[in-house]
Each structure stands twice: as C-alpha cells, then as structure tokens.
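First the structure, in the form of structure tokens, and then the observations on it.
The values are calculated or read from the model by the stated rules, or taken from the named source; none is laboratory data. Keep in mind it's a predicted model, so treat the numbers as computed, not measured. Cβ atoms come from the backbone with ideal geometry, glycine included; neighbour counts cover every protein chain shown. For accessibility, only protein heavy atoms count, side chains too; no ligands or nucleic acids. Shrake-Rupley method; radii C 1.70, N 1.55, O 1.52, S 1.80 Å.
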Amino acid sequence: MKEKLQTLKEAALSQINAAGGLEKLNEIRVAFLGKKGEITSVLKSLKEIAPQERPAFGQLVNDARSMIEEKLEEKKRTLEKKLREEKMKAETIDVTLPARKPMLGHRHPNTIALEEVERIFVGMGYEVVEGPEIEYDYYNFEALNIPKNHPARDEQDTFYITDSILLRTQTSPVQVRVMEQKKPPIRIIAPGRVFRSDEVDATHSPSFHQIEGLVIDKNITFADLKGTLAQIAKELFGQETKVKFRPHHFPFTEPSAEVDVTCFKCGGSGCRFCKGSGWIEILGCGMVHPKVLEMSGIDPKEYSGFAFGVGLERIALLKYEIDDMRLLYENDTRFLKQF
Amino acid sequence: MNTPLSWIRAYVPDLDCNAQEYMDAMTLTGTKVEGYERLDADLDQIIVGRINKIEKHPDADKLVICQVQIDEEGTSVQIVTGAPNVKEGDVVPVVLDGGRVAGGHDGEKVSGGVKIKKGKLRGVESNGMLCSIEELGSSKELYPDAPENGIYIFSDNPTYQGLKLGSSAISALGLDDIVFEYEITSNRVDCFGVLGIAREAAATFKKDFIPPVIKEIGNSENVSDYISAEIKDPNLCSRYVARVVKNIKLAPSPTWMQRRLAANGIRPINNIVDITNYVMEEYSQPMHAYDLDQIEGRKIIVRRSNEGEQFQTLDGQMRTLDSSILMICDAQKPIGIAGIMGGENSKITDDVKTLLFEAACFDGTNIRLSGKKLGMRTDAQAKFEKGLDPNTAMEAMNRACQLIEELNAGEVVGGAVDIYPNRREKTRVKFDYTHTNRLLGTDISKEEMISYFKKIDLEYDEATNEVIVPTWRQDIACQADLDEEVARFYGYDKIPVTLPSGEAMTGRLSFKLRLESMARDLAQQFGFSEAQTYSFESPKVFDKLLLEPNDPLRQTIVISNPLGEDYSIMRTLPLNGMLSSLATNYNRRNKDVRLYELANIYLPKEDSTKLPDERMQFILGMYGKGDFYDLKGVVEEFLEKIGIKKPLTYQPNTNRNYFHPGRRAEIYYEQESIGYLGEIHPEVLDRYEIGEKTYIAVLDMPKVTELANFEIKYMGIAKFPAVTRDISMLVKKEILAGQIEEVIRKQGGKHMESYHLFDIYEGEQIQQGYKSMAYSICFRAKDKTLEEKEITAAMNKILKGLSELGIELRQ
C-alpha cells in the first residue's frame, strides 16, 4: 500500500508539473482527490490494513493529499499569474496617444490678478468690500477733497448721469462709505469697476478696474504705508522686488506718493519693457488727508491712516505681458484659455 | 512742461549734475521728470570753420570746392559742397571727418545720426561737410536767422562776431543743452514756470536760487494818461495789470532769447511776441500785447460777453460767445477773449507804434470752461486754468518791460495800471514738528525741517510757531501739507519701513464675493471661461434683442456725456455683452465656445436722485457642443452647490422675446423668479451673426445670495433596501415633465426617495399629439424594509394624480 501511495503521489506531482492550463489542473484534482479519485480510494481501502498501522498509514495518506493540494494550488497560482501577464501584454496601449481632457473653463486674467491681490490682503487682515459703480458726486469727488470745479475733475474725464450722479472714476469713494459706517480700526480693500471717458485703444479703456486700500487706526504712519506696499509688491511680483516712493499729488491724501517697483523683466537693470529705467509705475498712495477724515466723521487728531489705489488691468497686463488692453474685453477663448 | 537745463542754470548757477542725476533727484523731491532729450545727442565733431576759398568743381556744375579753415592756427581742409548760399569768408558749422550730424538737410532726422567720412565727390576729395541747421537737428522755424535753404552762416549774425575758429559750433548754437520734460501736478501751479522749477532744483541740490532782479522802469510819463481799466466781474478777474510801451521798434529778438525759446520748442517771432512768451515761460504768467491805437476810448473793461456775440480772434476765426465768457473790451467793443486769445481787431501788426501790455489773473475754472465751450486750447489758457497767483502778475509785467528796455524794443511809459480789489496775502500755517514725525514715522529734528522750508521760501515764525506761506504756494494750507514738504526734502526713500501695529484683524471676503467665486469655480468646471464686457451699451440693443416697445427694461440710466451712442446707456440686461462676445468667437471660427460673466445690470429707480439698483448677474452663454438641458444642468449644479435644496420649477410662459418661443423658461424657486434660460431666437442670432444654436442662462445673484446656505447636516447612509417602480405613460404633448414630477412629489408619500425620467419618445407607434414618457420611482424607508402594500398604496396615489392630468399608463 505504501508503495502504491508513493507511486500515486509521484504520478500526481509529475502530472501537476506538466499541466499546461487550469482545466488540466482541475482534471488532475478530480483524478486524484475527487470522490472517486485515486488517493480517496486509497483512503477508502484503509480497512485492508492492520488496525494498529491504520493511524500511521492514514497520516501518510493525508500528508500525500495535502502535499498534492499544495502543489495544485501553487501550480494554479503560477498558471494564473502567467495568464494575467499574457492578458496584460495583449492589453498594451499607446500611452503617447492624445489625452481625453474634460472641457474646463478659465478665469479672466483680471480676476486671477484680483484674487491674487485679495489673497495677500486677506492674509494681512484686510476685509474685501464693495461700493456702487454708479455713485454720487459727493462720494466720488467732494468727500475726497475734490470740490466742484477742482482741476482734478478734469484729469479724470467723468461720465455724468445727472449733476449729482456719475459713473465712479475711482474706487476711492468706497473709502468714504466705509469710514462713514465703521469705526476705526479699519483695514479694507475695495476692488471694482471704474469708468473714465477715454477712447478705446491699446492702453486705454473707458471701463477698467481699480483696487482701493484703506487703513485707519491710531498711530498709522507713512512708514507703515511704505512697509505694507513693499510687502505686497514682494508677494505679487517676487521676493526680489524693490519699491520706490516718489512724491506726487492726490487731493485726498497728504503726503501723497506714486510707487514704482523694480522691473520684474530685467530686475531693475533696464530693458525695453521698463523703457530702460528699471522701474515700473504701479500705484498711487498717501496718508489720508485730514479733511477727508473729518468729512467722513473720523477725528484726525485721534486717528491717521493711509490709502492706496492700483489699476487692476495694469497689474494683469504687466504680469502676463499682454500688450493690448483691448484683448481683455474681446473675450476670445483663444486668449482666455491661456490663463 | 519742458525746460532746457541751461535756463534752469541761469537761476541756479552752481547746479552741477548730469542729466540722469538731475532727473532722479528732481523726481524724488516731487518735480517728476518724465525724460530728457540731449539736443546734441546725434552731433559729433562739429566745429566753427571759415571758408577761405571757393572754386568750381571741374566735373560738376552744382558742386563747389571749399578750402575751410578749421582752427585759429590756419589749418585748412578741403570740403566739397553743393550748397547754393556760401561765399568766401563765411563762417559756418563744419562737421569733420569721422563726426556725426542728426540727419539730412530736408530736416529728416536719422536715429543715431549720420556718420560723415572723408571721400571723393565726383573725383574731388572732401574731408567733411558744411552743415545746415536741419542737419544739426533743428529747423528754420526755431532758428529764424538760418537761411531758407543752405548752410547756416554764423558770420551773417552779428552776435557771433569773434567766434573762434575750431571752437564747438554745437555750443555756439546752444545745442549743447538738455531739455527735460516734466509732469507737474495740478497743485504746483508755481512749477509751470521755469522759475518755479529752478527754485525746486536749487532746494533739491542745496544750491542758491538766484531769480532775475526786477527793477521798475519807465519814462516820466504816466500810464494813466494813456489808459484806464475797470473790472466789472472781480470774481472772474482778480487782478488786471497794464503798462504802455511806445515807439515800438519791431525786430527779431536777440539770439540768446531765440535760443532759449527754441530749446523750449517755442518759435521765435519778433522781439515783442518773444518777450511775452519768454515771460510766460519764466513766470508761468501769460501776457498779451494790444495795439493801443486800436483801443477805443482809452479804456479797458473786463466784463462778461453778451449772449450770442460774435467775435473774431487773432487767428482769423469767428467765435460765438455766451455770457459766461469773460472778455477784454475797450470803451466800444471786445478786443480779446480773456486768458484765451486776443482779437483780430487789436492785434500787433508790423506798423504798431504803441502797445498795451496786459498781465492779468483770471479765474482758472472759468477759463477752463470757456476754453471747452469754444473748443480752444491755447498756451495762455493752459496756464490760467491752473489758477495763478495774482501777485505774480506785476512782477511778470515789470520783467517784460525790463526786457523791452534791454532789447531796445521801445520806450516804457512810467507807472502801471493795477486793478487788484482783493490782494492775496501770505498765509500762516501752524506747524507742529512732532506731528510731522508722528505721521511720517520719522525722527527728524525741528531745525532740519525748518531748513527744508527755507530752501523753498517758506519762512518760519518762531514766536507763533507758524510757517509763512508765499502766495505762489496755494497748495500749502494745513499741517499735513507741511508734513509733505518735510517728507519730500528729507527723502521718501529715507523714511523707515514698518508695518501697522495695533490689534490683529481678521481678513475676509464678503458672503457675496464668496458666492461669486463659487459661481466662477462651477462655471469653469463645466467648461465656461470668464468674459468681461462693458457696462454701457447702445440703446439700439433693445430692438436687436426684440424687446417690446413698452418693455420696462428700456428704462435705463443714460450717460449725459457718453463716448458715443454705442456707449450711452447703462445696461439693464446682461445679454448684449455675452452675445457680442460669442459673436466675436464665432466670427473667428472658435468651436464649442462657453463663456460666463459676473457683472452688474443697472435698474433705475423711480426717483432719479437715488442711485440705481445694481444687480449682479451670473450669465452663462454657449454654442457648439451641448444644448438647453446641458445648460440647465449647469444652473442646477450651481444652485445645489450653494445649498439650494428644494427643486426649482421652470415656467415656459415667459415674455423674453430674445429666446426661441418654444425653448425658454423662467427659473423659479418657490414662488420667486431667480433667473431664466433659453435658446436664443434665430432672428437675434442672425442680427449678431452667430451661425450656431446658442444658449444663455442668467441668474440674478442678489436673489440667489438670499437663498444660499452653506449649512450641511449629515443625513446617514440608507441601511434598508430601496424598491424601484417603473411607470410608462402616454401623455398629451402639451403636458410638461414638470407637471408630472410635481404629482410624483406631492403624491409619492414620505418614503418616495427619488425619481427620474428614463425614456421619452414621440413618433411612430405613438398616437398623434401624444408622447410616451417613462419614470423610475424609488422608495425607501429609513428604519425598515418597505412592505409591498406600502409601495402599492403610494404608487396608486401617484397614478390617481396622473390620471387627473389625463395621463394613461401604457400597457
């Protein structure tokens, strides 16, 4: 019996070894381990063995069975692996074929630039607020220390609706509205559309955007204004960016300044982009004029503050090197998709 | 404003800086220099030479051979020229071999100049070139002593007597100068004159400022025997100064004056005109000269014009005036438009004998408005508009008279007419140097601050702690103005750099802005790119969009001074901008275009003194891939995203005529319209020249914002199985899916979880006027497995409701 078992075992193992497919493997399982299989029948013939040898022989049979099962399983895994490999080989694709992209839209470059600015200011504790685009003359001019017939009104060619209502020429009126409504400390930026009667060309548009900033608190200084704008310029145009403050005049700030940043194209050495100067004019700013504070109900003896205004299109055009402002309002998707 | 450096140096003699240093330093103290031009940028090796001998060229009729002496020692070079105007003995500008000139004698400048090399002209050696004023980069206009056509000849101008041979012709002609272009801010009226800028330059470079010394001159006669003056409207004319000059000798002004004017780009005319221009440039005080013999009644009256009066200005134009325009008149008639232009009837002619000089101060605003009304823009007007200092008028007048005498242009009559009802006095401003340091964040000593003030003629009164402000600095009125003076001379660049102290604050976007940002994100996920269009448009847009004549949206905010009709009204509908942008894309053959915009419409209020209702509109537009239902999907995804949970309803009965009548809907949330969408009417598409079906959806953001809600509560994932029932129906065509769904929602009971339309069909096998629709309805309970009878009961209720709509189940 022992010999028979040994022969069977060897036969099974060699058949398993030779098996070329899962079906064959199954046949082998049935032939040896099935109900009528050969090992099973050896087990059935246990009774022909002397009772005292039965446990030992039974153990032998079971060992043979386990071993065959193990080998079957092992072979099965090998065969399956091979099959899968073949299948995958057949499934090889050309990964260099074009991608299938979902159609995604793009933000307007003005919006991208604006959100960038908003992100920086919100991080510095500024609230983003808005004001009306059609505005009272009072907020757009008078409350900003630009009385009727002030020459500054001519510099900003204004679209009028009535004598007292106009299309705002700047976002500065939002300053006044905020000061009227809130008590200091105030830290806001106010982005929005503004209008001036300029004919459309590569550098002018009758409608464009500004971002106004206003900080009012006790002990706000011109040095704070410098620090704040230097920080913004770095965030916006790169850590290497330097700023230059030049005296200027705005009726609603005193002292006033215009701010240049080092040309981000050449880093300040001078190039065609900055017309050789190494600097690019970027915004106007100053310490809020005491008259403006007073008119808005804030005591200039107790509080001081600074304000600044920057053209959004100017930032967008500079940042993305767009050479014609008209592109911003044509909305050609070939333009928009680049942002 | 342009000035040559030489003119500034005339008052700041110690100024020693190069052009770039000047530009940078002046800009940093607030006199912004936009740029500069070296008049001799393209000139090189041009000296004074004398033609000692001229011979005919053997092989060319139009050329001559000149022997030109180029130094005092007698060195001579041979130069061939074709110029018609030279003769032996002429002293001329000569460019030597290897030198450069600015351009051709036709006045055409060549960038970088033209290099001159020796060579042969028709076989004869030539070692340079004799120069015309055009070749030196200027013109006969600015150098009236230059010949009409040909070489500039120094020896024809007595001023140049004694000019050394071999010396620089560039300096002799005053071309070794640099002209600066300034951007002067409107508050610095004083800097519209050379003297004002020179004062700033002296302060900037810490040099002495030496203005011209003005002496009051005049003969023993009295001006009042010649003329008197009267101001009828002192609000518009704060001062009127007049003097008389007799025995006028009209002649060209001297070369130095011509050169200075030329460098400023002003054409020299004759001594009288040049003096008025010179003084205007110097003091920023316009002057005018009248022919006294043309002034009737020996009287000047400054008054407003009569309404509709006609007047011929000295440029020959007839002007129609109105009563807001200020005139200079004699006893009988107007003789000039105040501050803008004199009259034809009193202008200086070649046979003028006696003239009246006027230096007045007119109201800037009035001059500006009058200029606008008349469509005129003169140099004088540009100065007056700034609002001049009346105290300058007398000084400028005396300066002019002094120049008359210096130039020997006439005899100045003694005394001046001076009507000055309200003298402007120096003002005093309280000064607190600690405030300056507090505001600037600096630590500058009081002494240093006061030293800055002194440099710009601001006196400090120690006793009262006041700064005394001269009348030409009308911009200094309060402490902050003094702070700025300190800041700019201390140097903006030296002020420290700090960040605001004080309590920390939370930055944030408003809820409205957050929602707009979400709208952008969502639109972009569906392939829509952001457009920006103008807020104003043409009133013709309404016809283009097929709006009814009485549509309330035709009531618009109208711009009273638009750029043209196309930009004359504020939009009440966001469609035109979108359709125009889509049309641009269609015209440029862009495929599958999807755009969105977030922008305001402006709805006027009944009370026109109130600001209009500005409503942010979220508009989506597309052509190409996708249809009505795709766009509807985007709208619903957005509203769901911002927390609008209840289903929307769509009402096809809308009067939005720009949409296809069978493909349009008003979007309702509960009982309120929050937007609309549809396919654009083919007629409208034709008008915008869009050749593809186009869909537009608009959401009214203020309403949407009210509904938005970002509160989310987790609902628990269903544990018990769902049961689905499908129904297939025969439905009359006019019944809307919305009606069926309303029945399902109302009758489905509390366990009805969801439903969806999975088939819709009309055509063969379906009777005319009907459609087949199939819905799948899903039931589920939170707490148990539903029993068959519960579902049947719910389904029966639904079917009953449907049958009330006349809907039959298909078998």
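Annotation for segment B:39-93 versus segment B:210-263: alpha-carbon center distance of 44 Å.
Rounded to 0.05, the FRET efficiency of the A:N62 and A:E23 pair, given R0 = 30 Å and the Cβ-Cβ distance, is 0.65. Electrostatic bookkeeping for B:G749 treats Lys and Arg as +1 and Asp and Glu as -1; over the other residues with beta carbon under 9 Å from its beta carbon, the sum is +1. Among B:L458, B:I8, B:S171, which residue has its Cα positioned farthest towards the positive end of the charge dipole of chain B, with +1 placed on the Cβ of Lys and Arg, -1 on the Cβ of Asp and Glu, and the dipole taken about the Cα centre? Among B:L458, B:I8, B:S171, the one farthest towards the positive end of the dipole of chain B is B:L458.
Within the listed set A:E53, A:E281, A:E116, the residue fluctuating most in the Gaussian network model of chain A (springs between alpha-carbon atoms under 10 angstrom) is A:E53. Packing here is the average count of other Cβ atoms within 10 Å per residue, and on that basis the peptides A:165-175, B:367-377, B:85-95, highest first, run A:165-175, B:85-95, B:367-377.
Other residues within the sphere of radius under 14 Å centred on the Cβ of B:E762, judged by their own Cβ, net out at +1 (K and R +1, D and E -1).
Extension gain for the segment B:E683 to B:K164, taken as residue separation times 0.36 nm less the Cα-Cα distance, is 178.5 nm to one decimal. Between the beta carbons of B:F511 and B:S445, assuming R0 = 45 Å, the FRET efficiency works out to 0.30 to the nearest 0.05. Peptides B:485-494, B:195-204 ordered by packing proxy, namely the average of other Cβ atoms within 10 Å per residue, highest first: B:195-204, B:485-494.
Specify the inter-centroid distance of segment B:595-632 and segment B:520-586, based on alpha-carbon positions, in whole Å. Result: 9 Å between the Cα centres.
Residues of segment A:305-339 that bury at least 10 Å² of accessible area when the other protein chains are present, relative to the chain alone (probe 1.4 Å, heavy atoms, ligands and nucleic acids excluded): A:Y329, A:E330, A:N331, A:D332, A:T333, A:R334, A:L336, A:K337.
Using every pair of distinct Cα positions in segment A:136-236, the Kirkwood expression returns a hydrodynamic radius of 15.2 angstrom. Subtracting the Cα-Cα distance of B:L121 and B:I214 from 0.36 nm times their residue separation leaves 27.9 nm of extension gain. Per residue of peptide B:488-497, the mean number of Cβ atoms on other chains within 10 Å of the residue Cβ is 5. Computed over neighbours whose Cβ is under 14 Å from that of B:V223, the net charge equals -2, Lys and Arg +1, Asp and Glu -1. Note on segment B:433-548: with charges restricted to the Cβ of Lys and Arg (+1) and Asp and Glu (-1), its dipole about the Cα centre is near 640 debye.
Of the solvent-accessible surface of segment B:611-707, computed with a 1.4 Å probe and all protein chains present, 43% belongs to carbon and sulfur. Sorted on the mean count of surrounding Cβ atoms within 10 Å across their residues, most packed first, peptides A:235-241, A:288-294, B:334-340 read B:334-340, A:288-294, A:235-241.
Shielding of peptide A:255-261 by partners, expressed as the average count of other chain Cβ atoms within 10 Å per residue Cβ, is 5.
Placing unit charges on each Cβ (+1 for Lys and Arg, -1 for Asp and Glu) gives segment B:70-141 a dipole about its Cα centre, and among B:S76, B:L121, B:V95 the Cα reaching farthest toward its positive end belongs to B:L121.
Treating the Cα atoms of segment A:205-326 as identical point scatterers in vacuum, please give the log10 of the normalised Debye intensity I(q)/I(0) at q = 0.10, 0.15 Å⁻¹, two decimals. One equal scatterer on each Cα of segment A:205-326 leads to -0.34, -0.72.
The residue list A:A143, A:L114, A:T169 was ranked by how far each Cα lies along the charge dipole of segment A:112-186 toward its positive end, using unit charges on Cβ atoms, and A:A143 comes out on top. Using a 1.4 Å probe over the heavy atoms of the protein chains, calculate the carbon and sulfur portion of the accessible area of segment B:43-106 as a whole percent. Within segment B:43-106, the accessible surface is 46 percent carbon and sulfur. Each of B:D97 and B:T349 was given a label point 7 Å from its Cα along the Cα-to-Cβ line. The distance between the two points is 5.8 nm.
Rg and Dmax of segment B:451-494, based on Cα coordinates, read 10.5, 32 Å. The overall shape of segment B:628-747, judged from the alpha-carbon gyration tensor, is oblate: a/c is not under 1.5, and a/b is no greater than b/c. Most simply put, chain A has about 95% antiparallel DSSP beta bridges, counting only bridges with both residues inside it. Specify whether the C-alpha gyration tensor of segment B:370-437 places it in the rounded, prolate or oblate class, a ≥ b ≥ c being the square roots of the eigenvalues: rounded for a/c under 1.5, otherwise prolate if a/b is larger than b/c and oblate if not. Because a/c hits 1.5 or more and a/b fails to exceed b/c, segment B:370-437 counts as oblate. Computed over protein heavy atoms with a 1.4 Å probe, the carbon and sulfur contribution to the accessible area of segment A:18-59 reaches 56%. Which of the three applies to segment B:286-360, rounded, prolate or oblate, going by the alpha-carbon gyration tensor with a ≥ b ≥ c and a/c under 1.5 meaning rounded? Prolate.
Neighbouring Cβ atoms from other chains, within 10 Å of the Cβ of residues in A:123-129, number 5 on average. Rolling a 1.4 Å probe over the protein chains gives B:I178 an accessible area of about 20 Å².
Once divided by 2.2 N^0.38 Å, the Cα radius of gyration of the protein assembly as shown becomes 1.39.
Available extension along the chain between B:E459 and B:R298 is 53.7 nm, counting 0.36 nm per residue and deducting the alpha carbon span. Here the simple spin-label model places points 7 Å from the Cα toward Cβ, and for B:T785 and B:V110 these points are separated by 10.1 nm. Here segment B:295-399 is assigned +1 on the Cβ of each Lys and Arg and -1 on the Cβ of each Asp and Glu. Its dipole about the Cα centre then comes out at about 180 debye. Using only helices, what value at 222 nm comes out for chain B when you add -39,500 (n - 2.57) per DSSP H run of length 4 or more and divide by the total residues, to the nearest 500 deg cm²/dmol? My calculation for chain B gives -7500 deg cm²/dmol from helical runs alone. In a reduced charge model with +1 at each Lys and Arg Cβ and -1 at each Asp and Glu Cβ, segment A:1-89 shows a dipole moment near 260 debye about its Cα centre. So how far, in whole Å, is the C-alpha centre of segment B:445-505 from the one of segment B:722-778? Rounded to whole Å, the Cα centres lie 81 Å apart. Computed with a 1.4 angstrom probe on protein heavy atoms, the A-B interface buries about 7200 square angstrom of accessible area in total. Computed from the C-beta positions of B:L369 and B:R424 and an R0 of 25 Å, the FRET efficiency is 0.65 to the nearest 0.05.
All Cα-Cα separations within segment A:1-142 were binned at 5 Å from zero, giving a P(r) of 2, 7, 11, 10, 7, 6, 5, 4, 3, 3, 3, 3, 3, 4, 5, 5, 5, 4, 3, 2, 2, 1, 1, 0, 0, each value a whole percent of the pairs. Against the criterion of solvent-accessible heavy-atom surface with a 1.4 angstrom probe, B:L582, B:L142 sort, most first, into B:L142, B:L582. Measuring heavy-atom accessible area with a 1.4 angstrom probe and counting protein chains only, the residues of segment B:560-587 that give up at least 10 Å² relative to the chain alone are B:S560, B:N561, B:L563, B:Y567, B:M570, B:S581, B:T584, B:N585. Here the alpha carbons of segment B:327-400 define both size measures, Rg and Dmax, at 13.1, 36 Å. Solvent exposure of the protein assembly as shown, expressed per residue, is 47 Å² of accessible area, with all protein chains present and a 1.4 angstrom probe. Here is how the number arises for chain A: DSSP H runs of 4 or more residues each give -39500 (n - 2.57), the sum is divided by the residue count, and the result at 222 nm is -13000 deg cm²/dmol.
Once you wrap a convex hull around the alpha carbon atoms of segment B:615-691, what is its projected area averaged over all directions, in nm²? Averaged projected hull area, Cα only: 5.9 nm².
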